[in-house]
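Asks: Handing you a structure now.
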Amino acid sequence: MRNFTVSHWSHVTCQSVGRLLTASLSHCELNGGLVRRVSLLVMVVVMIAVAFPVAAAECGGNLNQHELNECFDRVYRRADAELNAVYRHLAGNLGASDEGKAYVGLLQAAERAWVTFRDQECEFETAVTRGGSIHPMEVSICLTRLTRERSKELKRQLSCPEGDLGCVR
C-alpha cells in the first residue's frame, strides 16, 4: 500500500494516487474534511465531462452555461412529452376492456408515485451543484435520464408477448 500526503494536516492512504479519484470513503482514510472537498470536485468534473458530449449531440457545440441549461431543459421536455404520449397510449389500451379499466387506476397511482420518486431522486443526485449555475442543467439531465427509462418501461407494457406475467394487458 502506498502512502500519499495531501497536506501536513491531512494524510491519505490508498493503493495508488489514481485510485484516490475512484476510491470510496471506505477505501481511503482522510482527516480534516478533505475527502468531501475532493469528492465534490471530482463529482462536478465528471458531471461536466459527461454533459458536454451529450450537449454537443443534442444541442450543438460552443454553448455557454445559460444556453446549456436551456438546451437540456428542452431535451427533458421532449422526453417528458414522449412519456406522456406513451402513458396515454397505454392507459387507452387498458381502458378499452372491462378487465383493463381496473388497471388504469393502478397505472395512475404508479405514475404519480414514480413522478414523486423521480423528482426526489434528481434532487438528491444534484444536491452537490445546488446554488451553482450548472444546477439547472444537472437537474434536466437527471430528469431526462429517468423519464426516458420510464418511457421504456411503459413501452414494454405495450408490446409484451402474450402470456408474459410481467405485463398488464
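Asks: Going by the conditions given, is residue 115 surrounded by 11 or more Cβ atoms within 10 Å (Cβ to Cβ), free of Cβ contacts under 8 Å to residues at least 12 places away in the same chain and under 14 Å from the mean Cα position of the chain (by Cα)?
Replies: yes
Asks: Shifting gears a bit: Answer yes or no as to whether residue 58 is more than 18 Å from residue 157 (Cα to Cα), among the acidic types (Asp, Glu), modelled with pLDDT under 95 and out of contact with any Pro (no Cβ under 7 Å at 6 or more places or on another chain). Spell out the reasoning first.
Replies: Details: more than 18 Å from residue 157 (Cα to Cα): yes; among the acidic types (Asp, Glu): yes; modelled with pLDDT under 95: yes; out of contact with any Pro (no Cβ under 7 Å at 6 or more places or on another chain): yes.
Yes, satisfied.
Asks: Suppose we keep only residues that are over 16 Å from the mean Cα position of the chain (by Cα) and among the basic types (Lys, Arg) within region 140-169. Which one would you say is nearest to residue 115 (Cα to Cα)?
Replies: From region 140-169, those over 16 Å from the mean Cα position of the chain (by Cα) are 154-169; that's our starting set.
Among the residues that remain, those that are also among the basic types (Lys, Arg) are: 155-156, 169.
Working: 155: 17, 156: 19, 169: 23 Å.
It comes out as 155.
Asks: To continue, here is another question. Can you name every residue in region 96-108 that is closer than 18 Å to residue 158 by Cβ, at pLDDT below 90 and not aliphatic (A, V, I, L, M)?
Replies: Scanning region 96-108 gives 97, 99, 100, 101.
Asks: Being charged (D, E, K, R) and touching a residue at least 60 places away in the same chain (Cβ under 8 Å) is the filter here, so list the residues in region 69-100 that pass it.
Replies: To start, the set of residues in region 69-100 that are charged (D, E, K, R) comprises 70, 73-74, 77-78, 80, 82, 88, 98-99.
Across region 69-100, the qualifying residues are 73, 80, 82.
Asks: What do you reckon, is residue 128 surrounded by 12 or more Cβ atoms within 10 Å (Cβ to Cβ), without any contact (Cβ under 8 Å) to a residue 40 or more places away in the chain and assigned to a helix (DSSP H, G or I)?
Replies: Details: surrounded by 12 or more Cβ atoms within 10 Å (Cβ to Cβ): yes; without any contact (Cβ under 8 Å) to a residue 40 or more places away in the chain: no; assigned to a helix (DSSP H, G or I): yes.
Against the criterion (surrounded by 12 or more Cβ atoms within 10 Å (Cβ to Cβ), without any contact (Cβ under 8 Å) to a residue 40 or more places away in the chain and assigned to a helix (DSSP H, G or I)), residue 128 does not qualify.
Asks: Give the number of residues within region 131-151 that are surrounded by fewer than 18 Cβ atoms within 10 Å (Cβ to Cβ) and hydroxyl-bearing (Ser, Thr, Tyr).
Replies: 1
Asks: Of the numbered conditions (1) of a type outside the set (A, V, I, L, M, F, W, C); (2) modelled with pLDDT of 50 or more; (3) part of a loop (DSSP other than H, G, I, E, B), residue 111 satisfies every one except a single condition; which is it?
Replies: (3)
The values are calculated or read from the model by the stated rules, or taken from the named source; none is laboratory data. The shown structure was predicted, so the numbers you read here are calculated from the model rather than taken from an experiment. Methodologically, a virtual Cβ is constructed for each residue, glycine included, from the backbone with ideal geometry; neighbour enumeration extends over all protein chains shown.
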